[in-house]
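Encoded as structure tokens, the structure appears first; notes follow it.
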Amino acid sequence: MPEDPQINVTSEPPPDRGQFSFALMLAAAAMVIVLGGLYFWPGRQSPSRGTAEPHFSFGPAERAYAPKIHVENVELSRAENFLHQEVTTLSGEIVNTGDRQLRAVQVTVEFSDQLNQVVLREPRSVSGPGSSPFSPGERRNFDVSFEHIPADWNMRPPAVFVTGINFN
């Protein structure tokens, strides 16, 4: 009688997965650190605004003085920047008809749609801490740029009004 073939099964220990798991966790941790570093990288611009606006006061004294600051000769222009993006620039003059010297002036610009509903409202500094004091009777030119204006803007000049003053 022929002998039954015998199969010898050698029991090998299962492969050591401890090193693989450690390497996988190490790679995941490195990825989190790299992504976190890119997110918090110095100089990174916030999605809503590129630069922080300085704080402007608008208490009772500033509100009483605001009608003495006139915004005149407002014009809009559109141009393409070096990144081939449309940029809308608002140019104008501010006039200090009051009797006080100002350190900074902030205006709020409001773009409206066909139904005269505000579609974009942004405060902008037109005379700031880095510029010379704004004397009584002085006229000063300003330019502010907008990279993204909503498509439903009515293409009319925006409303511009004083919303912040810092006295010198």
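Read-outs throughout are calculated quantities, based only on the coordinates presented, and are distinct from any laboratory measurement. Bear in mind that the values here come from a model prediction, so they are computed numbers and not experimental data. Glycine gets a Cβ as well: all are built from the backbone with ideal geometry, and neighbour counts include every protein chain shown.
Here are a few things to note about the model shown:
- Residue order, fewest to most surrounding Cβ atoms within 10 angstrom, among SER21, SER131: SER21, SER131
- Inter-centroid distance (Cα atoms) of the stretch 73-89 relative to the stretch 98-168, Å: 16 Å
- Residues LEU120 and SER57, FRET efficiency given R0 of 25 Å [Cβ-Cβ distance, rounded to 0.05]: 0.55
- Charge tally around GLU86: other residues with Cβ under 12 Å, Lys/Arg +1 each, Asp/Glu -1 each, net -1.
- As a proxy for reagent exposure, ranking GLU122, GLU86 by other Cβ atoms within 10 Å from fewest up yields GLU86, GLU122.
- The Cβ shell under 14 Å around SER112 holds other residues with a net charge of -2, Lys and Arg each +1, Asp and Glu each -1.
- Extension gain for PHE82-ASN154 works out to 23.3 nm (0.36 nm per residue, less the C-alpha to C-alpha distance).
- In order along the stretch 82-89, the Karplus-derived 3J(HN,Hα) couplings, from 6.51 cos²θ - 1.76 cosθ + 1.60 at θ = phi - 60°, round to 5, 9, 6, 10, 6, 10, 9, 10 Hz, and Gly and Pro are given as x.
- About its Cα centre, the dipole of the stretch 72-168 is roughly 360 debye, where the only charges are +1 on Lys and Arg Cβ and -1 on Asp and Glu Cβ.
- In this simple spin-label approximation, GLU75 and GLU147 carry label points 7 Å from Cα along the Cα→Cβ vector, and these lie 2.6 nm apart.
- Legend: ranking of residues THR97, THR108, THR163 from fewest to most surrounding C-beta atoms inside 10 Å; resulting order THR97, THR108, THR163.
- 3J(HN,Hα) from dihedral phi, the stretch 132-147, Karplus parametrisation 6.51/-1.76/1.60, rounded to Hz, x for glycine, proline: 5, x, 9, 7, x, x, 7, 10, 9, 6, 9, 9, 10, 10, 10, 7
- Candidates SER112, HIS148, PRO133 compared by Cα position along the dipole of the stretch 60-167: farthest toward the positive end lies PRO133, with charges placed on Cβ.
- Extension gain (nm, one decimal) between PHE167 and VAL32, 0.36 nm per residue minus Cα-Cα: 43.9 nm
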